């Protein structure tokens, strides 16, 4: 959920038309630019998810996932994507657009290696079913976030706090090993990332108003794709934990 500071200290009111200020242009031009901007974000996000899935399947079918699971090297592939997310989020001003693109593809590839082990735990049919269920839910939630006139920023802040709580609960459950707690974490995780999907979509749509025509616009596409990718992948993993059929 990469987030960055707005170049402007204020946002336009909900439902307000953008002004023809030389950057956004007239309403028709602004709307066309916004659609192009959001489509670029979705294209990067979907391509990243596809790359992750392809690498995960190839790793599983080749037997490399099983080999990786039994070595300490797996921690490198588990922690490396997290390191890249932090680097992209906090170093966005230092990195060029090209560097952020390379980091995004590296992140998606490493996630594929990390997630390849789910094919050793769950059946392929249940993974596919959960993936399509997640895709459908993501599409609906993102559409809601894009079209709603309601300000979702308060909900987004609440979801972020819930996410912190979920992370703490997951760490605790590593020692407690409670099945009931694991199930509760999965259910709450799905709800939290569902809310974050809608909020992130609205946030990215709003930010375009200030980013159109600026040098940061290209970076915003990559960072926006990262945000939605993380929402999708996390919602998928939490759904799989209680919808997936084990091998």
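The values are calculated or read from the model by the stated rules, or taken from the named source; none is laboratory data. Computed from a prediction, not measured in an experiment: that's the story for all the values here. We place every Cβ from the backbone using ideal geometry, glycine too, and count neighbours over all the protein chains shown.
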Problem set entry | Hits in the stretch 224-247 (condition: modelled with pLDDT of 95 or more and farther than 22 Å from residue 78 by Cβ) | 224
Problem set entry | Members of the stretch 39-87 that are within 14 Å of the chain's Cα centre (by Cα) and farther than 14 Å from residue 113 by Cα | 41, 42, 43, 44, 45, 46, 47, 84, 85, 86
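Looking at 2, 46, which one is in contact with a helix residue (DSSP H, G or I) (Cβ under 9 Å, 6 or more places away or on another chain), modelled with pLDDT under 80 and closer than 30 Å to residue 132 by Cβ?
2
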Seminar exercise, completed: From the option list 189, 224, 244, 195, single residue qualifying as in contact with a helix residue (DSSP H, G or I) (Cβ under 6 Å, 6 or more places away or on another chain) and under 17 Å from residue 42 (Cα atoms) is 224
Problem set entry | Residues that are within 20 Å of residue 237 (Cβ to Cβ) and free of Cβ contacts under 8 Å to residues at least 12 places away in the same chain, drawn from the stretch 136-164 | 136, 139, 140, 164
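Does residue 181 satisfy the criteria of being in contact with a helix residue (DSSP H, G or I) (Cβ under 6 Å, 6 or more places away or on another chain), part of a helix (DSSP H, G or I) and more than 28 Å from residue 140 (Cβ to Cβ)?
yes
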Exercise. Among the candidates 220, 157, 212, which residue alone is buried (at least 22 other Cβ atoms within 10 Å of the Cβ), at pLDDT below 95, within 28 Å of residue 37 (Cβ to Cβ) and over 13 Å from the mean Cα position of the chain (by Cα)?
Worked result: 220
Seminar exercise, completed: Going through the stretch 162-175 in order, the residues found to be more than 17 Å from the chain's Cα centre (by Cα) and surrounded by 11 or more Cβ atoms within 10 Å (Cβ to Cβ) are 165, 169, 170, 172, 173
